[in-house]
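Values quoted throughout were computed directly from the atomic coordinates according to the rules given, and no laboratory measurement underlies them. In this text the structure is predicted, and so the values were computed from the model without any measurement. Heads up, the Cβs are rebuilt from the backbone with ideal geometry, glycines too, and the neighbour counts pull from every protein chain shown.
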C-alpha cells in the first residue's frame, strides 16, 4: 500500500510540474496503458478489468479531444477530431462487442501518435539546446 501511495504522489508531482507538451505525452502514454489493460481484460474475459481500462482510455481520448486549440491550426484540429472520434467509436464497439482486435487498432493509433509526439519533443529539446548553451555562455562572459 505504501508503494502505491508513493507512486501516486510521484505521478501527481510529475503532472503538476510538467509543461503542456509533456502533459500531452503523459496522456498518450496513459491512453495506451489503459487500452492495453482493456484489451487484455477482453482476451481473459475479465470484463471488469476491460471496463476499467477502456473507460480510462475513453476518458483520456475525450480529454485529448476537448483540449485541442483550433485557433493555432484549425485544419489539424479538424483532422485530429476525426481521428479521436474514430478511436472513441472503436473503443465503444470493442467494449460492447467484446472485440479486443478493435481495441488493438486503437492502441496502434495511440502508439503512433505517442511516438510521433515524443520525437517532436526531442526535436524541440535539441533545437533549444544551442539557445540554452548560448545564454549560459553570455552569462559567463558578462560575469567575467
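Here are the numbers for the structure shown:
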{"item": "Net length gained if the chain between residue 59 and residue 77 were fully extended (0.36 nm per residue, minus Cα distance)", "result": "4.6 nm"}
{"item": "Label zone at residue 112, where the point sits 7 Å out along the Cα-to-Cβ direction: the stretch 36-79 residues whose backbone N lies under 18 Å", "result": "36, 61, 65, 76-79"}
{"item": "FRET efficiency, residue 22 to residue 51 (Cβ-Cβ, R0 30 Å, nearest 0.05)", "result": "0.55"}
{"item": "FRET efficiency, residue 96 to residue 40 (Cβ-Cβ, R0 22 Å, nearest 0.05)", "result": "0.80"}
{"item": "Distant alpha-carbon pairs in the stretch 21-117 (separation over 24 angstrom), percent", "result": "18 percent"}
